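Here's the structure we're looking at; comments come further down.
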There are 4 protein chains.
Amino acid sequence: MGKSALILIDMINTYEHPDAELLIPSLRKALPHVVRLLERARARGVPVIYVNDNFGEWRSHHGEIVQAALAGPRAELVRPVQPDADSLFVVKARHSIFYETPLAYLLSQLDVDRVVLVGQVTEQCVLYSALDAHIRHLMVTVPEDAVAHIHSDLADAALLMMERNMHATITTAEAVELCVVD
Amino acid sequence: MGKSALILIDMINTYEHPDAELLIPSLRKALPHVVRLLERARARGVPVIYVNDNFGEWRSHHGEIVQAALAGPRAELVRPVQPDADSLFVVKARHSIFYETPLAYLLSQLDVDRVVLVGQVTEQCVLYSALDAHIRHLMVTVPEDAVAHIHSDLADAALLMMERNMHATITTAEAVELCVVD
Amino acid sequence: MGKSALILIDMINTYEHPDAELLIPSLRKALPHVVRLLERARARGVPVIYVNDNFGEWRSHHGEIVQAALAGPRAELVRPVQPDADSLFVVKARHSIFYETPLAYLLSQLDVDRVVLVGQVTEQCVLYSALDAHIRHLMVTVPEDAVAHIHSDLADAALLMMERNMHATITTAEAVELCVVD
Amino acid sequence: MGKSALILIDMINTYEHPDAELLIPSLRKALPHVVRLLERARARGVPVIYVNDNFGEWRSHHGEIVQAALAGPRAELVRPVQPDADSLFVVKARHSIFYETPLAYLLSQLDVDRVVLVGQVTEQCVLYSALDAHIRHLMVTVPEDAVAHIHSDLADAALLMMERNMHATITTAEAVELCVVD
């Protein structure tokens, strides 16, 4: 099966961007599934990696990204999924979780060859990250009930692209297998 | 001249690696020159960017790298150059400051086209970073009294390589020009 | 407006892959529009860059890719768009035209800041390349009648994603502006 | 031991650059050792990969790089090491053999984990390529009699840096082990 890592994409967020109103209803549905996967991953010792936009804040050592999100108007969307002491954290500046980040290096150090992508936005960062994982020969799983979208039609197309063109496993959060050994 | 950024390489450090004993005497000499450049850059509004190894700590949002260094046995080498509220911070996992980091993106966002490299180690990360800057068409300045080495013969060769093959300006900290406008 | 380059994606092809039968009808429709754009670009002195999969052939100095396509069963789809003496050629090994290729460097050398993407496959390489252009702050134009798809529903979604999320200009081949000066 | 590939760096060359006069005497000494390694690699079925600057020629499908070098004033330095039908060829635009090239991908496809670097220039492209191999966790061997330098003092320092800081095996061409199995 390969060793898995659970990747939370852009879940540390103040939700102040223009599309937030379209996104949040979808996110509210996905959130309990993300939380459940997070619990399972932590219980099994599967690496949990937050890959998060820095929102132009380049002083990530101050924990500003997490604090700003927890202090923001949408803290209830952040608190259930906040990092714990074992969480790994990679800051990204652009869309894909791999673009100019050390994520590929971190995954190789952890011997991970399958990434389970959850978070947002299905038809944007999740799609781009699935592509960039596939191009690097990593296997991809996307639980469709644990990713949130802005436009449902584009999200459906994105999930189909991931399955058909990037050989991703599209499944449900409950059915995701989290593998700790090769 | 081009707009400058001051880059502090691996200055947030616990100095527990095997070569620390060879490095520290050179670092003690360089430290006041780094501090003086840091003061000048802050006074002039020149961006100050810490690019620092994460030492395998992938939870950079906790400020662990800075705290660990300040709590370590060599805090006196860290305290004078610690980040302030305006400092930018990029975490690297490997030698070069550009390899799988968002530094190139950050510099382009800041319109920086000249990097002033200080810190350590002259014949290792400083050399590699100068090359990776040059390959990306950034101009490079290295004040030779503000970089620290492990082996002085290799450091001399590295400075010569940077000057001759990477067209770097090798100068003194005092003579460094910090440009804020194009 | 910015200086343009016309990018032909994977147009040098033997069309022996499993999806070729689905692709070719769409390609036949796109081909005359690609040819017309190619003529206009050549007439105006706009750089024409072929970015093409090497199909596992790593001996690209032999011109094998072009020769194999011209000698193949689908030469009539290749001959009208074959490179001329002024064409630039970048070999890619994976999906995106930017991934582990010198294309970004070539474009910066040519001072190009807008790429006009034509060729195949709309919902695969064209989409991925548009994203990778956008992430690098290049402007993107996609003439929708000069790109070919395998699945029309995914192609429509891909064009919408490019327009909405990557700020691409989706237009027709005839309406494409090819800019030679900044 | 790991599976090896023999990498010839910038050996396809017209030798018209300003430093050629300084380089050529060193190259003449290295050439027979490169030739001997090339013969051994071909005889054993070890992959031979030419990674070569394109000298601003972006039409590599025409075999222009090889033809120009063979037609140039220094053809006698090129003919003994020219590619054969089994040679692999990767074009680079900048110094390092890895920077914006598909070499890392090609090596992973070939399951190669040790690169044997020969060619030129010891204190420039060979040094930079050794670093970029090391940063990517590839093992590096450099036969010091099969690499050519411009400045012998910098070349000596470069070899020492590769050995000490990049854990490269510095040896002679005759002593190089070319491994075909893991």
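General remarks:
- Scanning segment B:81-132 for residues that are of a type in the set (Lys, Arg) and closer than 14 Å to B:Asn52 by Cβ returns B:Lys92, B:Arg94.
- The set of residues from segment D:25-47 being of a type in the set (A, V, I, L, M, F, W, C) and within 14 Å of chain C (Cβ to nearest Cβ) is empty.
- Within segment C:127-146, the set of residues being within 14 Å of chain D (Cβ to nearest Cβ) and assigned to a loop (DSSP other than H, G, I, E, B) comprises C:Arg136 only.
- Residue check, A:Ala20 surrounded by fewer than 16 Cβ atoms within 10 Å (Cβ to Cβ), modelled with pLDDT of 90 or more and of a type in the set (A, V, I, L, M, F, W, C): no
- The listed residues are A:Arg40, A:Arg44, A:Arg36, and the only one of them that is on the phi < 0 side of the Ramachandran plot, charged (D, E, K, R) and exposed (fewer than 14 other Cβ atoms within 10 Å of the Cβ) turns out to be A:Arg44.
- Of the residues making up segment A:36-90, those that are part of a loop (DSSP other than H, G, I, E, B) and of a type in the set (A, V, I, L, M, F, W, C) are A:Val46, A:Phe55, A:Trp58, A:Ala71, A:Ala85.
- Listed by first and then second residue, the pairs with beta-carbon distance under 7 Å, at least 6 apart or on different chains, first residue in segment C:132-158 and modelled with pLDDT of 95 or more, second basic (Lys, Arg), are C:Leu138/C:Arg114; C:Met139/C:Arg114; C:Thr141/C:Arg114.
- Just one of the listed residues (D:Val116, D:Val121) is over 20 Å from D:His17 (Cβ atoms), surrounded by 22 or more Cβ atoms within 10 Å (Cβ to Cβ) and under 14 Å from the mean Cα position of the chain (by Cα), namely D:Val116.
- Lone unmet requirement of (1) at pLDDT 95 or above; (2) part of a loop (DSSP other than H, G, I, E, B); (3) surrounded by fewer than 20 Cβ atoms within 10 Å (Cβ to Cβ) for A:Ala173: (3)
- Residue count for segment D:153-169, restricted to those that are more than 12 Å from D:Leu131 (Cα to Cα) and surrounded by fewer than 16 Cβ atoms within 10 Å (Cβ to Cβ): 1
- Considering only residues in segment D:108-121 that are within 11 Å of another protein chain (Cβ to nearest Cβ) and either in a loop (DSSP other than H, G, I, E, B) or of a type in the set (A, V, I, L, M, F, W, C) (or both), the one that is nearest to D:Val90 (Cα to Cα) turns out to be D:Leu110.
- Candidate set: segment A:61-100, residues that are of a type in the set (Lys, Arg) and surrounded by 18 or more Cβ atoms within 10 Å (Cβ to Cβ); chosen: the one farthest from the other protein chains (Cβ to nearest Cβ): A:Lys92
- Restricting attention to segment A:129-138, the residues that are more than 15 Å from the chain's Cα centre (by Cα) and either surrounded by 22 or more Cβ atoms within 10 Å (Cβ to Cβ) or on the phi > 0 side of the Ramachandran plot (or both) total 1.
Quick grid of which residues meet (1) under 23 Å from B:Ser96 (Cβ atoms); (2) in contact with a His (Cβ under 8 Å, 6 or more places away or on another chain); (3) hydroxyl-bearing (Ser, Thr, Tyr):
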{"site": "D:Ala93", "(1), (2), (3)": "yes, no, no"}
{"site": "D:Tyr99", "(1), (2), (3)": "yes, no, yes"}
{"site": "D:Asp111", "(1), (2), (3)": "no, no, no"}
{"site": "D:Val118", "(1), (2), (3)": "no, yes, no"}
{"site": "D:Ile170", "(1), (2), (3)": "yes, no, no"}
{"site": "D:Val180", "(1), (2), (3)": "no, no, no"}
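- Residue satisfying condition, being within 12 Å of the chain's Cα centre (by Cα) and among the small types (Gly, Ala, Ser), within set D:Ala30, D:Ala68: D:Ala30
- Yes/no for B:Ala104 being over 14 Å from the mean Cα position of the chain (by Cα), within 24 Å of B:Asp132 (Cα to Cα) and surrounded by fewer than 22 Cβ atoms within 10 Å (Cβ to Cβ): yes
- Yes/no for C:Thr141 being within 24 Å of C:Arg36 (Cα to Cα), among the β-branched types (Val, Ile, Thr) and under 15 Å from the mean Cα position of the chain (by Cα): yes
- Unique match (being within 9 Å of chain D (Cβ to nearest Cβ) and at pLDDT 90 or above) among C:Tyr15, C:Tyr50: C:Tyr50
Okay, residues lined up against (1) hydrophobic (A, V, I, L, M, F, W, C); (2) touching a strand residue (DSSP E or B) at 6+ places or on another chain (Cβ under 8 Å); (3) facing chain B (nearest Cβ under 9 Å):
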{"residue": "D:Asp153", "(1), (2), (3)": "no, no, yes"}
{"residue": "D:Ala158", "(1), (2), (3)": "yes, no, yes"}
{"residue": "D:Thr172", "(1), (2), (3)": "no, yes, no"}
{"residue": "D:Ala175", "(1), (2), (3)": "yes, yes, no"}
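- Taking the numbered list (1) facing another protein chain (nearest Cβ under 7 Å); (2) among the polar types (S, T, N, Q); (3) not in a helix (DSSP H, G or I) in turn, C:Gln124 passes all entries but (3).
- Just one of the listed residues (C:Leu110, C:Leu106, C:Leu117) is in contact (Cβ under 8 Å) with a residue 12 or more places away in the chain and in contact with a Phe, Trp or Tyr (Cβ under 8 Å, 6 or more places away or on another chain), namely C:Leu106.
The values are calculated or read from the model by the stated rules, or taken from the named source; none is laboratory data. Only a predicted model underlies this, so the values are computations on that prediction, with no experimental measurement involved. Glycine gets a Cβ as well: all are built from the backbone with ideal geometry, and neighbour counts include every protein chain shown.
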